[in-house]
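To start, the structure under review is shown below, and the notes come after it.
The values are calculated or read from the model by the stated rules, or taken from the named source; none is laboratory data. Keep in mind that what you see is a predicted model, and the values were worked out from it rather than measured. Here the Cβ is made from the backbone with ideal geometry for all residues, glycine too, and neighbour counts use every protein chain on show.
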Protein chains: 2
Amino acid sequence: MSEKAYALGIDLGGTKILAAVVDITSGEVVASARKRTRAERGQDYVSQRITELATAALDAAKLPNGESILGVGVGAAGQIDHKAGVILDAPNLGVHNMPLAALLGGQFGKPVAVGNDVEVAALGEYLYGAGKGYKNFICIFVGTGIGAGIVQDGHLYTGLTGTAGEIGHMTIQAGGRICGCGSRGCLEAYASRTAITRAIMAEIHHGRPSLLADDAAKQLKEGETIIRSGILANAIQQKDELTIEAVTEAANYLGYGLGSIMNIYNPESIILGGGVIEALDLLFETAVHRARTVALSGPAKKTPIVRAKLGDFSGVVGAACLAAQTAGYQFPNSK
Amino acid sequence: MSEKAYALGIDLGGTKILAAVVDITSGEVVASARKRTRAERGQDYVSQRITELATAALDAAKLPNGESILGVGVGAAGQIDHKAGVILDAPNLGVHNMPLAALLGGQFGKPVAVGNDVEVAALGEYLYGAGKGYKNFICIFVGTGIGAGIVQDGHLYTGLTGTAGEIGHMTIQAGGRICGCGSRGCLEAYASRTAITRAIMAEIHHGRPSLLADDAAKQLKEGETIIRSGILANAIQQKDELTIEAVTEAANYLGYGLGSIMNIYNPESIILGGGVIEALDLLFETAVHRARTVALSGPAKKTPIVRAKLGDFSGVVGAACLAAQTAGYQFPNSK
């Protein structure tokens, strides 16, 4: 069958909202619309942005006559009530109890599925990205925090409380740096973009010279809280010693985390995604090297560690696929 | 059907070998035989002990007329080639390339299944112990080292290279204590019985008073390499400060590991086993408390953490069940 089918995917992150109409038979994005989230303006503002962007993407897609979307899927950076389609809590989005299924269902009259951002991105990579062909793998995203989606026997595995894959909160340095979760020594406190930013800014505040002293300070003054991947990449290219040191340190911790997962879960592959992974070869390569020294010899030799393929679109493609699944669509390579 | 069926299980550990005839319809041990392993006497000696003990258990079982065993199962503390039924490498047993399936198949003329000790123990707990009723859980054993068996969707999950569950080699203190595996900061280097022994003996060597100064030194001189659980339990009961301190420290590290697993894998339950867990309430309770402070709130509140139920017999029961499964027996609560 070569018939096409479409769904609308929405990637709701702390920095930006991206909506896209996706051909879910190929994983291709037909049309998309994006804007900054501006979480600081409050929940109603964010709700309105979501519906605006969804409409804009749908209009831009100009679906052929008679074609319609199967459903609407959302991946949101927060805790989700999957059944009710509600974002329970999302500190980075300034959102609490947002009834997205009701909101978007009312607007489009289609089934709505809401998932965690990392989960839906893992689903996207499974169906149309670097996870194709694997039945048991883990897809790890490094950004503001560090999270993962676990695909187990061809299905998203969410665990007892729906929170499986919170690998940012594995202890990597017992009793170490305090983490946002309240525990100490979590991977996220050492290897996220937030952690890299803190390490760099602390040194700059103490007078250490760096190409980032101006760039990063300027960007942070503009209201962003962490240094952008592009700025880090540029500083590394210009051989800025402080940036190289901070990124290498974070990469080594990330490698300890990856090696630990290879030992604990022994997945068929590890997929790494997120802007900072895409932008920084130094981070990716150092982490992979460290992971292979930490892991036991079997997994160290045999586990593929690859970058995510869908890039910025992994969230919307995954969200659209989740919507299609919820609407009853059967993907050929899923069980 | 109330008909009984039997299999022979062998638990091959660094300290002792235990063979038992198990009624695999109930998980009950019908008869057993045990001896010290004496790995230092070499591989041929260990082979001979295994066949002697297997015969002794079978003789002692006095199976009713016409009844026979379905097969022979072995759980061994080492790296296993599951298909060939060979122990590839087991440093604690002084064993390398031991063809157990051929050896025991030749002796008894029955199917033989060989698995890792921790895997088969997890299978035993799943079918007849603390894992009954759970489909996704992890069964962790603390002893000379720390290992785990993962039951996923009702089946043992062994991973890409057959080594899933090596949680003793998750990094808990990046760059920390050297571990037997060659990496640094592994959980096993902080929370195993070996680690507890080292911590205690180091202090004693530096002159710190302890009730263990005589007991432990005597036991270690007799050729054992780590302090027995019973000796530790006794010292704690007598409020020996050094022992309490060392066990509490190990328990806290173990708790960081458990909390990390609750965050990463979010299992339906965690089962803890091994002699030191059975013998030391202080270790178990401190680790559980720490785990619940490390884990995110959902899993912290909801994940049952319980002790293994089959005790010393988890290995032989699991090994016998593995043999029965291999011989085609269908357990009612497995899928």
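Filtered by the rule that a residue be crowded, with 24+ Cβ neighbours inside 10 Å, assigned to a strand (DSSP E or B) and within 11 Å of another protein chain (Cβ to nearest Cβ), the range A:147-166 gives A:GLY147, A:ALA148, A:ILE150. Considering only residues of the range B:98-134 that are within 15 Å of B:GLY75 (Cα to Cα) and free of Cβ contacts under 8 Å to residues at least 40 places away in the same chain, which is surrounded by the fewest Cβ atoms within 10 Å (Cβ to Cβ)? The extreme case among them is B:PRO99.
Test A:ILE196 against the criterion of being touching a residue at least 60 places away in the same chain (Cβ under 8 Å) and either surrounded by 23 or more Cβ atoms within 10 Å (Cβ to Cβ) or within 12 Å of chain B (Cβ to nearest Cβ) (or both), and give yes or no. So A:ILE196 passes the test.
The strands (runs of 3 or more DSSP E) found wholly in the range A:43-139 and carrying at least 1 residues that are closer than 18 Å to A:PHE313 by Cα and in contact with a His (Cβ under 9 Å, 6 or more places away or on another chain) occupy A:112-116. If I ask for residues that are at pLDDT below 95 and either crowded, with 20+ Cβ neighbours inside 10 Å or of a type in the set (Ser, Thr, Tyr) (or both), which ones from the range A:28-38 would you list? Passing the criteria: only A:THR37. Going through the range B:137-172 one residue at a time, which ones are over 17 Å from A:ALA295 (Cβ atoms) and touching a residue at least 60 places away in the same chain (Cβ under 8 Å)? B:PHE137, B:ILE138, B:CYS139, B:ILE140, B:PHE141, B:VAL142, B:GLY143, B:THR144, B:ASP153, B:GLY154, B:HIS155, listed by residue number. Residue check: is A:ALA174 in contact with a Gly (Cβ under 6 Å, 6 or more places away or on another chain) and either at pLDDT 95 or above or at the interface with chain B (Cβ under 7 Å from one of its Cβ atoms) (or both)? Considered against the rule, which asks whether it is in contact with a Gly (Cβ under 6 Å, 6 or more places away or on another chain) and either at pLDDT 95 or above or at the interface with chain B (Cβ under 7 Å from one of its Cβ atoms) (or both), A:ALA174 comes out as yes. On the given criteria, is B:LEU310 surrounded by fewer than 24 Cβ atoms within 10 Å (Cβ to Cβ), at negative phi and at pLDDT below 95? In short, yes.
From the list B:GLU245, B:GLU249, B:GLU278, the one residue that fits, being in a helix (DSSP H, G or I), surrounded by fewer than 19 Cβ atoms within 10 Å (Cβ to Cβ) and without any contact (Cβ under 8 Å) to a residue 12 or more places away in the chain, is B:GLU245.
Taking the listed residues A:GLN219, A:GLN237, the one that is modelled with pLDDT under 95 and polar (S, T, N, Q) is A:GLN219, with no other qualifying.
Scanning the range A:213-259 for residues that are closer than 29 Å to A:PRO91 by Cα and within 14 Å of chain B (Cβ to nearest Cβ) turns up A:THR248, A:GLU249, A:ALA250, A:ALA251, A:ASN252, A:TYR253, A:LEU254, A:GLY255, A:TYR256, A:GLY257, A:LEU258.
Residues in the range B:290-316 that are in a helix (DSSP H, G or I) and away from every other protein chain (no Cβ under 13 Å): B:GLY311, B:ASP312, B:PHE313, B:SER314, B:GLY315, B:VAL316. Is it fair to say A:PHE137 is buried (at least 24 other Cβ atoms within 10 Å of the Cβ) and in contact with a helix residue (DSSP H, G or I) (Cβ under 7 Å, 6 or more places away or on another chain)? Considered against the rule, which asks whether it is buried (at least 24 other Cβ atoms within 10 Å of the Cβ) and in contact with a helix residue (DSSP H, G or I) (Cβ under 7 Å, 6 or more places away or on another chain), A:PHE137 comes out as no.
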